[in-house]
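What follows is a short report on a single structure.
The values are calculated or read from the model by the stated rules, or taken from the named source; none is laboratory data. The structure presented is a predicted model; accordingly, all values stated were derived computationally and were not measured. Note that each Cβ is placed from the backbone with ideal geometry, even for glycine, and that neighbours are counted across all protein chains shown. Keep in mind that these areas ignore ligands, DNA and RNA; they rest on the heavy atoms of the full protein, side chains included. Shrake-Rupley method; radii C 1.70, N 1.55, O 1.52, S 1.80 Å.
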Amino acid sequence: MHKFLFLFLAFNIGSAAFADVDAVGDHFEDWLNYERQFAESRILDNISPQRARRGAVIASPSKHNPNYYYHWVRDGALVMDIWMRRLEGYPSRLSNANLEALMWDFVHFTEYGQHIPALSGLGEPRYDVDGFPNQEPWGRPQNDGPALRASLLIRFAYYLIGNGQIEVVKSKLWPVIMNDLYYTGDQVSVPSFDLWEEIKGDHFYTRVACREALLLGSDLAAALGDYGRSGWYSTQAQIAQSLALDHVNVQRQQIIENTNRVDGIWYKDSGLDVASLLALLHTTRKPILNLNDQVVMSTINKIEQSFNSIYPINRRFSDLGASIGRYPEDTYYNGNPWFLATFAFAEYYYRLGDRAKGDGYMKRGAFHAHRKGHMSEQMDKQSGYMLSAEDLTWSYAAFLTALEARQKYTSNKR
Ligand code: NOJ
Ligand code: NOJ
């Protein structure tokens, strides 16, 4: 298609959003292509912004209501995963040299922060953009962060080793990874705040993330000849694994995301949380459960059913896939669907090979996005208009991983 016409179409899909659900379907493939470029550009905007320390990944450019102008450890790792996937072979308009530079900036930012005392050590959830651990009252520690970061950097280590840079890995990267793995292994049975920063206790997401980091760490340590550490990581990974499996309730046919609450919010009764799906999608290198496991599928169905009854927009635009939120009892901004949760459902079904079902959730995202492609954190459950932090970096990352799964795991048949 002619470039000009294509942009024209892309811009109109969004503006037709509330008038016409069909328009999303008609221009869907164009929208995906357009949004792919757009999402990558917005992610790049949110890395190393002006006056920030190089390597900082801001969660969103929003500085008020809410202020997300910080480097969150979890978001940073999940966003840099996009560039790591491109170094691992997914097509990119960036050169490998550019991608490596992005990764090294992130490594240096991480290393700098690791050496500054923080209120909860490496469990500090967020850093100011100058690289200093944040000091405001917050739900800390959050122990998924260092684990996600270690898993990411271990993949970077393998990439470098594959390119003949084992000495660089040993001297520059492995020490940074070891810091995160030591923290992760040491804290594996200790309660921390969940990824939504609201409840202190035990979490499936956190435990699964810790397990993967320790397993990958054990393999890399062995590859580098450090058998002592390899063994300890592996022992701690087994502990993380059995703790994680405690959340799988076969009788209720459901993963119970949070258990043993010691602090924070108390009203999450259902145990349902999209975090349980994110746990699986974020740890595909060492899967703890199959995506088509009975309990997983049943959990996914229960989550969708509950959001169908809670969100009016799921009934109003029912030709699209459901919009999905964090968990049914959510009250943040009054409790709404999130782009990253909706795209997680898309990715889930793409990975199961169900393109039609996956496309439904992608169309849902397309419908509520800004006509130029912007995506915030949430969409209003009543009106469908976007809410909370604009250009949430993680929303774009979640869109891109879902799109990659669409290309990888489903055939072109419609
Ligand atoms: C900010 C957190 O980032 C968000 O996840 C949470 O829901 C609210 N605080 C309310 O606790
Ligand atoms: C709130 C979310 O609950 C949390 O998971 C995230 O890390 C921060 N916002 C920053 O995006």
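Projecting the alpha carbon convex hull of region 12-122 along each direction and taking the average yields 9.6 nm².
Protection proxy ranking for 111-119, 239-247, using the average of other Cβ atoms within 10 Å per residue and placing the highest first: 239-247, 111-119. Using the Cα gyration tensor of region 375-414, with a ≥ b ≥ c the square roots of its eigenvalues, what is the shape: rounded (a/c below 1.5), prolate (a/b larger than b/c) or oblate (neither)? Verdict is oblate for region 375-414.
For the pair HIS115 and GLU167, the difference between a 0.36 nm per residue extended length and the Cα-Cα distance amounts to 16.5 nm. A convex hull fitted to the Cα coordinates of region 67-247 yields 118 cubic angstrom per residue. Among the listed pairs LYS268/LYS363; LYS63/LYS372; LYS372/LYS408; LYS200/LYS363; LYS200/LYS268, those with a Cα-Cα distance over 23 Å are LYS268/LYS363; LYS372/LYS408; LYS200/LYS363. Rounded to the nearest 20 debye, the dipole size of the chain about its Cα centre is 680 debye, using +1 on the Cβ of Lys and Arg and -1 on the Cβ of Asp and Glu.
Relative to the longest principal Cα axis of the chain, at what angle does helix 73-87 sit, 0 to 90 degrees, rounded to 10? Long axis of 73-87 versus the principal axis of the chain: about 80 degrees.
Relative to the longest principal axis of the Cα atoms of the chain, helix 96-114 runs at roughly 60 degrees. Ignoring lysines fewer than eight residues from LYS170 along the same chain, the ones with Cα atoms less than 28 angstrom from its Cα are LYS286.
Heavy-atom accessible surface of region 57-159, averaged per residue, reaches 34 Å², computed with a 1.4 Å probe.
In straight-distance terms, cross-link reach from LYS357 covers every one of the aspartates and glutamates whose alpha-carbon lies under 13 Å from its own, apart from those fewer than eight places away in the same chain; here that gives GLU304, ASP319, GLU347.
Dimensions of the chain from C-alpha coordinates, computed as largest minus smallest value along each principal axis and given longest first, are 61, 50, 43 Å. Could you tell me whether region 256-337 comes out rounded, prolate or oblate from its Cα gyration tensor? Rule is a ≥ b ≥ c as square roots of the eigenvalues, rounded for a/c under 1.5, then prolate if a/b exceeds b/c, otherwise oblate. Verdict is oblate for region 256-337. Relative to the longest principal axis of the Cα atoms of the chain, the long axis of helix 355-368 lies at roughly 80 degrees. For the chain, the fraction of 1.4 Å probe accessible surface lying on carbon and sulfur atoms is 50 percent.
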